[in-house]
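Structure first, commentary second.
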Ligand SMILES: Nc1ncnc2c1ncn2[C@@H]1O[C@H](COP(=O)(O)OP(=O)(O)O)[C@@H](O)[C@H]1O
Ligand SMILES: [Mg+2]
């Protein structure tokens, strides 16, 4: 319009002849106004307003897109975290950690930083396309625009342009669909090839000492390179595919613009504004088509990350509901298992095959049996990590399969076979929620003989400082002399035995009614173990204790012994009674242990039997 306003009046007149009288009247009226006000300031003012509106709308668009994207990403992240944290043990056992890490890192990066931009550009290019088409075909039918553009040539132009534009769109769509069919799969390969890298890195990090000890570092580096190469190859092909389609689309766009140019030049009665409009239409159109198609493809490929994340948010989690037991539960600590059948997964054979036993309140039960007999599985069943397919476990008369998992697991304490510590300080590991005083914590450390007795009263003032102080490396050689001593990830700066003892101290601090120990002192020397046994006897006098023992000495003085064999109870009874059985399994184990005399003595003492053998 601006361009036309400088053309001679005559150039408008012939075109007006094509209108009806009424239209012409209206048009001439508008033109009259336009002609009157067509100072340079008017046009520049209009142009500035349009530009300003573009700025505001453009910024608003980004604000909208990115806040929506953050919200979506946040929601997905919470869903994924919730699902993974509540995943059943079986899922964590079978899914490689690398896959989970891949989703939490790279896939979220795509969602955080790529999808939003791609979606916003897709929308913007699609709207741009609509805008170009509207400007090209709708606007000229309005009288004012028509007066500028609607020459006999326009009709002629449309005959060429419409089919050309349609053809270009169709060919672009064909290329895009070819591209997507291949790119989708390559993108999947690329995403999947990342997981082994994470997995390998994680396991190499954990086992770095072993790898070095065996001089296998070179081999590991080589393997890592192979995995990275494979990922690199996938990435290369993803980009190659993208170049393939963009090359073709760009050529197509150039051809389209060129053809329009030729048509415009060779057309009779061309005026400058029409020619300019046609060419800018052609360029705008082809650019928007190319970019809309490519953005669409990008969005579809990015959605691969969303797909992968959503897949993991849909996994079956552990049951969340259940009865909330009374606050004082379990007040007695009576454990009753009847015909317990447990397997790790529905398609796996049961590991506990119909176990029944009762532990009375405050009794101590020792569980012994060969490796693989099902001892650890029994503890997992007690905490509902694996569920009973038949039979049930009652604790103080409540069926544990009906209680909310949170309540069940927070009211009992387990020290698993692999002691788990978290990076932080001694204090944060003993008392994660800051519920106990420093005296209690130091007392617990004393009882497991991590610090010499009597030292809790002579604590240094710095050690009694509140838990908010930053962890300082202890100058003292004993890392437990200060509650602020740092504990590295997984407790790797402590020996296995020290880790077990720290877990035991954690159990002492929380004073549960029911305590389950799974070979909790297996890496502790005999002398320390004997001392701990004493402390435990005093500390857990009011608790029901289930102890899985690797050494018979640990449990021979207990109230009951359960011998497990291949998922069944082989023997159950007081140790002294079991020792009286001629062909008893427990007696056999004691005999084989090589310390029969000592063990018999301990059992006899515990049973209070005074008769001389
Ligand atoms: N996470 C698991 N998934 C599947 N099977 C398992 C798992 N853990 C243990 N098992 C099986 O359960 C049986 C008992 O194992 P476990 O209870 O750990 O024995 P242990 O008495 O040595 O503690 C073993 O035969 C083992 O194959
Ligand atoms: Mg075990």
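The values are calculated or read from the model by the stated rules, or taken from the named source; none is laboratory data. Because the structure is predicted, anything quoted here is derived from the model rather than measured. Cβ placement follows ideal geometry from the backbone for every residue including glycine, while neighbour counts extend to all protein chains displayed.
Looking across region 261-281, not a single residue is at pLDDT 85 or above and buried (at least 19 other Cβ atoms within 10 Å of the Cβ).
So which strands (runs of 3 or more DSSP E) stay within region 494-613 end to end and still have 3 or more residues that are more than 16 Å from ligand 2 (Cβ to nearest atom) and at pLDDT 85 or above?
Result: 568-573.
For region 404-418, taking the residues that are closer than 12 Å to residue 507 by Cα and in contact with a helix residue (DSSP H, G or I) (Cβ under 8 Å, 6 or more places away or on another chain), the one that is nearest to ligand 2 (Cβ to nearest atom) is identified as 416. Output the residues belonging to region 360-382 that are crowded, with 19+ Cβ neighbours inside 10 Å and within 29 Å of the chain's Cα centre (by Cα). 377, 379, 380, 381, 382, listed by residue number. Mind checking which pairs have a first residue in region 201-213 that is closer than 17 Å to residue 225 by Cα and a second that is at pLDDT 90 or above and in a helix (DSSP H, G or I), Cβ under 6 Å, 6 or more apart or different chains? Filtered contacts from region 201-213: 204/220; 211/217; 211/220.
What about residue 547, is it crowded, with 22+ Cβ neighbours inside 10 Å and more than 28 Å from residue 390 (Cα to Cα)? No, not satisfied.
Where helices (runs of 4 or more DSSP H) fall wholly inside region 38-132, the ranges with 1 or more residues that are within 16 Å of ligand 1 (Cβ to nearest atom) and out of contact with any strand residue (DSSP E or B) (no Cβ under 6 Å at 6 or more places or on another chain) are 89-94, 97-102. Restricting region 370-384 to residues that are within 6 Å of ligand 1 (Cβ to nearest atom) and not in a loop (DSSP other than H, G, I, E, B), the residue that is farthest from residue 519 (Cα to Cα) is 377. Answer with yes or no whether residue 340 is under 19 Å from residue 416 (Cβ atoms) and either surrounded by fewer than 17 Cβ atoms within 10 Å (Cβ to Cβ) or in the same structural domain as residue 549 (by TED's automatic domain parsing) (or both). No, not satisfied.
For region 541-560, filtering for residues that are more than 15 Å from ligand 1 (Cβ to nearest atom) and in contact with a strand residue (DSSP E or B) (Cβ under 6 Å, 6 or more places away or on another chain) leaves 6. Taking the numbered list (1) within 16 Å of ligand 2 (Cβ to nearest atom); (2) touching a residue at least 24 places away in the same chain (Cβ under 8 Å) in turn, residue 424 passes all entries but (1).
Cβ-Cβ contacts under 7 Å between residues 6 or more apart (or on different chains), taken from a first residue in region 359-376 that is more than 13 Å from residue 552 (Cβ to Cβ) to a second residue that is within 9 Å of ligand 2 (Cβ to nearest atom) and part of a loop (DSSP other than H, G, I, E, B), are listed as 376/417. Just one of the numbered conditions (1) outside the structural domain of residue 415 (by TED's automatic domain parsing); (2) within 16 Å of ligand 1 (Cβ to nearest atom) is not true of residue 522: (1).
If I ask for residues that are within 16 Å of ligand 1 (Cβ to nearest atom) and at pLDDT below 90, which ones from region 390-418 would you list?
Quick first cut of region 390-418, residues within 16 Å of ligand 1 (Cβ to nearest atom) only: 393, 414-418.
414, 415, 416, 417, 418, listed by residue number.
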